[in-house]
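This report refers to the structure that appears directly beneath it.
We did not get these values from a lab; they are worked out from the coordinates using the rules stated. Keep in mind that this is a model prediction, so the values were computed, not measured. Note that we place each Cβ from the backbone using ideal geometry, even for glycine, and neighbour counts take in every protein chain shown.
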Amino acid sequence: MTDNQQTNRITIRQLSKTYPGGVRALNQIDLEINGGMFGLIGPNGAGKTTLMRILAGLMRPSQGEARVMGHDLHDSSGRQAVKASLGYLPQDLGIYPNLTGREFLDYIAILKGITSSLERRRQCDSLLETVRLTEVADRKVKGYSGGMKRRLGIAQAMLDTPQLLIIDEPTSGLDPEERVRLRTVLSEMAKRCTVILSTHIIEDISQSCTDLALMYKGQILFRGSPSTLIGQARGKVWQITTSGESPNNGLSVVSMLQLENGVRYRVVGTPEPHHEAVLVEPSLEDGYIWMLQQARIAVH
Amino acid sequence: MIVLSQIVGIAFYEFRMHWRRRGLLVVTLGMLGVTLLPIMLVRNELSSDSLLGAEGVQYFTQNVIRIHWAAVGAVLFAVMPFIFADAIPRDRQIGVSEVLHTTPLRPLSYLAGKTLGAWLGTVTCLILTVITSGAAWWIVIAPFDLSVYSAIWISGALPMALINVGLVVLITSVLPNSRTAVLGCVAFVVLLPILVGVEGNGTLIELLNPLRPGLFFYYLQQASPSQPQTLSPEVTILGGTLQLIAAAVGAWLWARFRDGR
Ligand SMILES: Nc1ncnc2c1ncn2[C@@H]1O[C@H](COP(=O)(O)OP(=O)(O)OP(=O)(O)O)[C@@H](O)[C@H]1O
Ligand SMILES: [Mg+2]
């Protein structure tokens, strides 16, 4: 293993994936991911799940190179080697409805190769506590709420302290309190391993990721730190107050606030002079919207 | 060590889930029902002192075998495969397989664990039936020849169960969901016997018949000798074992081919 491969835990070069139906979900992606927490964001259908499934060894790339911790994902043996130290949470996780939460965790722990039942018990107990499912641990999964199932899914991904944790929309369906808690848990994990997470909740990224990629139509639109993405929108975010009519012509409305004498809009773009717009400090969400806006303009 | 623990783990949880899904329980109760009901009927027709001695034992042995074997054989042939048909497709349908396939679990261990789990379920079901209904005959009606009774279970029902259930689990492993798995099972249980002939004919083609004529009719013959000509039980078991191995190799190759697609 060369030094380069050791520092870059994940190396992706010219990676493409075309589904049998002809959909090109990934289009010649180049990406390097090191330790820490890495965020993947992008609109629906951008290719986030496809990329994550390839990295988890569930799917072969059509073209290009993908290496995880030095293992080539084109080879069956490479994929097998990656799986030995991987935690993965799929976007749509299924759980056997007839097992209890604790039994399901135990089952996955066995498959991950933890042979000692004492050690399994210890890890399951501790993870159930981490995701706050201890109270319902001995109830059948079919009686769980959506958020409980999601948390059980996160717990199974963290079994056996993986070196690479790939989690596809971990916070979808979680209440705000649990989301905040989970962020802390994942940040802790990221000190010891590489965490790749995809999300539609930009706040998750801004609070926990040091590095991110914005995907659009199977390509990487932006790659860098959250603050750099924010910087992209500097000078492009405005506040406009109108008597009610929405400011259009090429502006993207990020948010709106009903006032007594009208409506205050937060917009991204270049407003016309008559709007009397006030420049404001951008957020990560503004950066995201600005980049996508530019990409859509470029496509047209 | 890890491989062994994975196989045993899958088998254990598979077995547990099958009981919780009630299917096995219903089949066990069904088999018990079919075997216990005749006890009541025979009992009523019995005038207590008319049948005693060696003749009586033989008579009851024949009866107990005919009734048990016909019922249990039919269940092992036509019902049991359906219980285990979606053992593997169900994982795909539920979406658990996404997680299973990102663990270090190898395809062969997965297949072995699932098959073993199904076998465990079937054998438990058989043992419950053998003991309960055998004891009921013995106590309620009369003693019978235990050696013949146990031979039928061990060298007739057991191999038939293992071959049929194993084959169904392995063959349906290539199918995408529970619905197609049930259709696949219908093909196995209904179409196959129609194609190769329901009764045995003494040729190798009868080995494909899931009724396993070489076992089913052989043991039925012990009760009434006017049964069709079939292959011997040994050849039937050997043929079934070879089919199991072929199905396992096929399922394994398919899993390797599918890996990462
Ligand atoms: N199994 C499949 N067969 C064919 N096309 C697929 C398949 N899975 C995904 N796609 C297509 O690939 C593209 C990328 O999908 P993907 O699921 O990777 O997007 P995503 O970024 O994860 O979206 P979301 O935010 O909605 O989860 C989409 O156009 C989708 O329609
Ligand atoms: Mg997705």
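Among B:Val123, B:Val27, B:Val42, the largest mean-square fluctuation in a Gaussian network model of chain B (Cα springs under 10 Å) belongs to B:Val42. Taking Lys and Arg as +1 and Asp and Glu as -1, the other residues whose beta-carbon sits under 15 Å from that of A:Arg53 total +3.
Comparing A:Leu58, A:Leu31, A:Leu118 in a Gaussian network model of chain A, where Cα atoms under 10 Å apart are tied by springs, the biggest mean-square fluctuation is seen for A:Leu118.
Scanning chain A for long hydrophobic helices, with DSSP H runs required to stretch 15 angstrom or more by C-alpha along their axis and to average at least -0.5 on the Kyte-Doolittle scale, returns A:101-111, A:146-158, A:284-299. Protection proxy ranking, highest mean first, for peptides A:148-161, B:188-201: A:148-161, B:188-201, where packing is the per-residue count of other beta-carbon atoms within 10 Å, averaged. Using only alpha carbons, region A:86-144 has a radius of gyration to Kirkwood radius ratio (Rg to Rh) of 0.95. Among residues other than B:Phe216 with Cβ under 11 Å from its Cβ, the summed charge is -1 (Lys and Arg +1, Asp and Glu -1).
Rounded to the nearest 0.05, the FRET efficiency derived from the C-beta distance between A:Thr242 and A:Tyr19 at R0 = 41 Å is 0.40. Note on chain B: GNM, Cα springs under 10 Å; of B:Arg90, B:Arg43, B:Arg66, the largest mean-square fluctuation is that of B:Arg43.
Ranked for footprinting exposure by Cβ neighbours inside 10 Å, fewest first, A:Ile110, B:Ile39 give B:Ile39, A:Ile110.
For A:Lys236, the aspartates and glutamates whose Cα falls under 15 Å of its own Cα, not counting residues fewer than eight places away in the same chain, are A:Glu272, A:Glu276, A:Glu281, A:Glu285, A:Asp286. With bins 10 Å wide beginning at 0, the percent of Cα pairs of region B:74-196 falling in each bin runs 12, 36, 28, 16, 7, 1. Close amide H contacts of B:Gly202 (hydrogens built in the peptide plane, cut-off under 5 Å, sequence separation of 5 or more or a different chain): B:Leu231. Counting Lys +1, Arg +1, Asp -1, Glu -1, what net charge surrounds A:Leu284 among other residues with beta carbon under 11 Å of its beta carbon? So the environment of A:Leu284 carries a net charge of -4.
Taking all Cα pairs closer than 8 Å and separated by 6 or more residues, the relative contact order of chain A comes to 19 percent.
For region A:75-195, the convex hull drawn through the C-alpha positions has a volume of 106 cubic angstrom per residue.
Size estimate for chain A follows the Kirkwood approach: the inverse of mean 1/r over distinct Cα pairs works out to 21.0 Å. Note on the protein assembly as shown: the C-alpha convex hull projects to 34.4 nm² when averaged across all orientations.
Taking each DSSP H run with n ≥ 4 as -39500 (n - 2.57) and averaging over every residue of chain B yields -22500 deg cm²/dmol at 222 nm. Rounded to the nearest 500, the 222 nm mean residue ellipticity of chain A from helices alone is -10500 deg cm²/dmol, with -39,500 (n - 2.57) taken per DSSP H run of at least 4 residues. Working from Cα pairs under 8 Å separated by at least six residues, relative contact order for region B:2-259 is 27 percent.
Shape annotation for region B:157-197: C-alpha extents along the principal axes are 29, 23, 12 Å, from largest to smallest. Here the protein assembly as shown carries DSSP beta bridges of which approximately 65% are antiparallel, counting only pairs with both residues inside. With the convex hull drawn around the C-alpha atoms of region A:1-121, the volume per residue stands at 152 Å³.
When the Cα convex hull of chain B is projected onto planes of every orientation, the mean area is 15.0 nm². Database remark: amide H of A:Leu221 closer than 5 angstrom to the amide H of A:Leu214, A:Met215, A:Tyr216 (H placed geometrically; neighbours at sequence offset of 5 or more, or on other chains; Pro and chain starts carry no H). Cross-linked pairs A:Lys17/A:Lys83; A:Lys83/A:Lys191; A:Lys140/A:Lys191: Cα-Cα separations exceed 22 Å for A:Lys140/A:Lys191. Membrane-span-like helices of chain B, defined as complete DSSP H segments with a Cα extent of 20 Å or more along the helix axis and a mean Kyte hydropathy of at least 0.0, are identified as B:2-20, B:23-45, B:53-78, B:107-136, B:233-258.
Per residue, the average separation of C-alpha pairs within less than 8 Å and at least 6 apart gives region A:231-299 a relative contact order of 42 percent.
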